[in-house]
Amino acid sequence: MHDIQLFGRLEVRTRGIRLSGDDFGGVRPRHLLALLALRGELSLVELADTLGVPTATVKHDLGILRERLEPEARRRDTVLSVHRGRARLLPERTHVDTTTFDELIAIASERTPVRAVRPLAAAAFLASRPLLEDEDAPWAAEARAEYRAKLIMASTPQPIR
């Protein structure tokens, strides 16, 4: 299992190993990991457009990322899947903190204000550091604003219906 932390500094923990910063093979492979962890499956064209690079560069950087995430694994056995021009992290082999955050917000939204306190507190704890705090790319800033807004909206008391 690859535990991916997007709140704070991007970090991956797996089998007692912690990867962060330059461990991903450079800025672009790190950004690819963050985008796939945030957005799920994306086309290579979408990734290339977001990063402002050619698709061939994305393919190359995905290879670097795959090697850094699982150096001993065969290509078809890695957590990073590229098939028919689309890339994704295998959900059965990854856990992303933003997914937990979204689940907690969804649970809170289904509860009365009093019963929503615990999941909201857990979500706020997860989001106590800014999303991708050390990334200054425009897509990272947009994602930061999106998650900040989710927490604010969930924490705002809703009128009783």
Handout entry: Hits in the stretch 1-29 - residues which are over 10 Å from the mean Cα position of the chain (by Cα) and assigned to a loop (DSSP other than H, G, I, E, B)
Key = MET1, GLY8, ARG9, ARG15, GLY16, GLY25, GLY26
Exercise for the section: For the stretch 95-117, indicate whether the set of residues that are among the charged types (D, E, K, R), modelled with pLDDT under 95 and under 23 Å from PHE7 (Cα atoms) is non-empty. Expected result: no
Fill in the blank from the handout: Filter the stretch 106-156 for residues that are surrounded by fewer than 19 Cβ atoms within 10 Å (Cβ to Cβ) and of a type in the set (Asp, Glu); the one that is farthest from the chain's Cα centre (by Cα) is GLU110
Problem - Candidates VAL12, VAL27, VAL45 - the one that is at pLDDT 95 or above and surrounded by fewer than 13 Cβ atoms within 10 Å (Cβ to Cβ) - result: VAL45
Practice task
Keeping to the stretch 21-72, report how many residues are more than 22 Å from PRO91 (Cβ to Cβ) and either of a type in the set (S, T, N, Q) or touching a strand residue (DSSP E or B) at 6+ places or on another chain (Cβ under 7 Å) (or both).
Solution key: 2
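Just need a number here: residues in the stretch 1-33 that are free of Cβ contacts under 8 Å to residues at least 12 places away in the same chain and hydroxyl-bearing (Ser, Thr, Tyr). Write out each step before concluding.
Taking the stretch 1-33 first, the residues free of Cβ contacts under 8 Å to residues at least 12 places away in the same chain are 11, 13, 15-18, 20, 22, 27.
Those still in the list that are hydroxyl-bearing (Ser, Thr, Tyr) too: 20.
Number of matching residues: 1.
The values are calculated or read from the model by the stated rules, or taken from the named source; none is laboratory data. For clarity, every value in this text was computed on a predicted model and none was experimentally measured. Counting neighbours? That spans all protein chains shown, and the Cβs are built from the backbone with ideal geometry, glycine included.
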